[in-house]
Amino acid sequence: MFELFNEKHQKISNDIFEYAKTNFLSVRDKIESEEIIPPAIYRNMANLGWYGIAIPEIHQGMGASHLSRFLAIEQVSRISGAIGGALQSAILGTAMVQYYGSNTQQKKWLPRFATGDDVISICITEPDSGSHILGMNTIAQRDGDDYVLNGLKCWIANSHIATVHGVIARTSEGSNGLSAFLVEKDRVGVRPGRANDNTGLRGFNLGEVIFENCRVPVINRIGVEGMGLEIAHKSITCYGKTNLAAVALGIHQAILDAALVYVRERSIYGRPLSELESVRLKLGAVYKNVSLARQTAYLAMNELDRTGSADESIILAKLVGTELAFESAKITMDIFAARGTSRSIPIERYLRDLLMVFPPAGTSDIHQKRLAEIALGNYVKKNTSPKFLRQIAEMA
């Protein structure tokens, strides 16, 4: 597998981890207690080019691979899940413009996203629809050369920080009735609502965005009218799920790091914990989980880089990555015992942080439902092939 992990990938991974360790570790506890990421951190990540890591060089981005994007988010999240969440959300919204924006939109916005002069959110989730995109109620009604937007979006990353929102809204009925728009934050009729009080990833901005008779010019529509479902799916799958899998993997690796240090330093009955068979079994389980999550994710990103589409592999990466990371957090909590519940030790934080990566871009149930559909579809296709039917006939 590691033939796909070349020297460039290794350098990006190492450099970003070293920078994060040097610059973010010292402020991690302050971010947790004050529940805000200092603005300087956003600006520094933008200046380093991380916001534009997957944006083409022609638009002032780094033009790096999807795997490189994953590695950047993973290594930042290994030091701070909150900052990793902020980085992935700044990258996420760019997908709408990068894949579906007009030449004019790309020339205008992508350089600004790459440099951090503008930060984009992606506004899809609503209170009454959740992961069911087609159930959304936000309306974009055509009125001359404008659309008039009305609705409420919730659990939006960068809700109060973004300078422009990538919004999916309903322009007509049915599955072809959704469209995508760029809505600048200073337009009349758009405003942030409540900010969420996060269980984990404290400091990472999540909240509501409200649209009340907000007029948006037709030139701000992304793609043609009715393309919103495709745009949402592409953004959520290629960027949303993979970015969150990267956050989960970074936290997962941090859990293993913390466990290894603890079992070597902590002694009981005159022996290091690392010599106890029961502890070694738990460490082995965590190491297995990290390795499986990493291989699943890296292979998915490599497939995305090679083919431009990897839905099944990406669904697996998000599902496996989040579920196994949470399992490892519980196992490690058992190793730390009562100490693990102390806020002075980051294990309880890792567990809380991981709770925040399950719902976005599809819950585990949603992903398992999709995998069942894929499995059943493959079964039907395979078992109704002419070759298979001939074999059945011969057996009869």
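The values are calculated or read from the model by the stated rules, or taken from the named source; none is laboratory data. Given the structure is predicted, the values throughout are model-derived calculations rather than measurements. Positions of Cβ are generated from backbone atoms using ideal geometry, with glycine treated the same way; all protein chains shown enter the neighbour counts. Areas reflect the complete protein model, heavy atoms only, side chains present, ligands, DNA and RNA absent. Shrake-Rupley method; radii C 1.70, N 1.55, O 1.52, S 1.80 Å.
Values as computed for the structure displayed
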read-out: The chain, relative contact order [Cα under 8 Å, separation at least 6], %; value: 16
read-out: Computed log₁₀ I(q)/I(0) - Debye formula, equal Cα scatterers, no solvent, region 42-147, q 0.13, 0.19, 0.23 Å⁻¹; value: -0.56, -0.98, -1.17
read-out: Whole-angstrom gap from region 67-110 to region 240-282, using each part's C-alpha centre; value: 29
read-out: Cα-centred dipole magnitude for region 173-286, charges only on beta-carbon of K, R (+1) and D, E (-1), debye, nearest 20; value: 280
read-out: Paramagnetic reach from L25 in region 329-349 [backbone N under 15 Å; point 7 Å along Cα→Cβ]; value: 346
read-out: Net dipole in debye of region 31-89 [+1 Lys, Arg Cβ; -1 Asp, Glu Cβ; about Cα centre; nearest 20]; value: 180
read-out: Taking all pairs of distinct alpha-carbon atoms in region 1-88, Kirkwood radius in angstrom; value: 13.4
read-out: Contact order normalised by residue count of region 160-218, Cα under 8 Å, 6+ apart, percent; value: 31
read-out: Cβ-derived FRET efficiency at R0 56 Å, R339 paired with T307, nearest 0.05; value: 0.75
read-out: Accessible-area value, T199, 1.4 Å probe, nucleic acids and ligands omitted, Å²; value: 70
read-out: Packing rank of 242-251, 111-120, where each peptide gets the mean count of other beta carbons within 10 Å, highest leading; value: 242-251, 111-120
read-out: Peptide ranges 15-28, 265-278 listed from the most packed, as the mean C-beta count within 10 angstrom indicates; value: 15-28, 265-278
read-out: Dipole of the chain, positive direction: furthest Cα of Y262, I231, L351, with charges on the beta-carbon; value: Y262
read-out: Reachable lysines, given that their alpha-carbon falls under 30 Å from the alpha-carbon of K11 and they are not under 8 places away in the same chain; value: K21, K30, K107, K234, K241, K288, K318
read-out: For N205, distant residues with modelled amide H under 5 Å away; value: N158
read-out: Whole-number D in µm² s⁻¹ for region 294-342, Kirkwood Cα-pair radius fed into Stokes-Einstein, 10 °C, 1.306 mPa s; value: 130
read-out: Ranked packing of 142-154, 92-104, 335-347, 71-83, most packed first, by mean Cβ within 10 Å; value: 71-83, 92-104, 142-154, 335-347
read-out: Point-charge dipole on Cβ atoms (K/R +1, D/E -1) for region 8-165, about Cα centre, debye to 20; value: 520
read-out: Unit charges at the beta carbon, dipole of the chain: most positive-side option, S172, N302, S291; value: S291
read-out: Label point distance in nm, I374-Q295, each placed 7 Å from Cα along Cα→Cβ; value: 1.7
read-out: Per residue accessible area in Å² of region 19-122, where ligands, DNA and RNA are left out and the probe is 1.4 Å; value: 37
read-out: 10 Å beta-carbon shell around E32, net charge (K/R +1, D/E -1); value: +2
read-out: Solvent accessible area, Å² - W50, 1.4 Å probe, full protein context; value: 10
read-out: Angstrom value of the Kirkwood radius, inverse mean 1/r, which spans all Cα pairs in region 77-195; value: 15.1
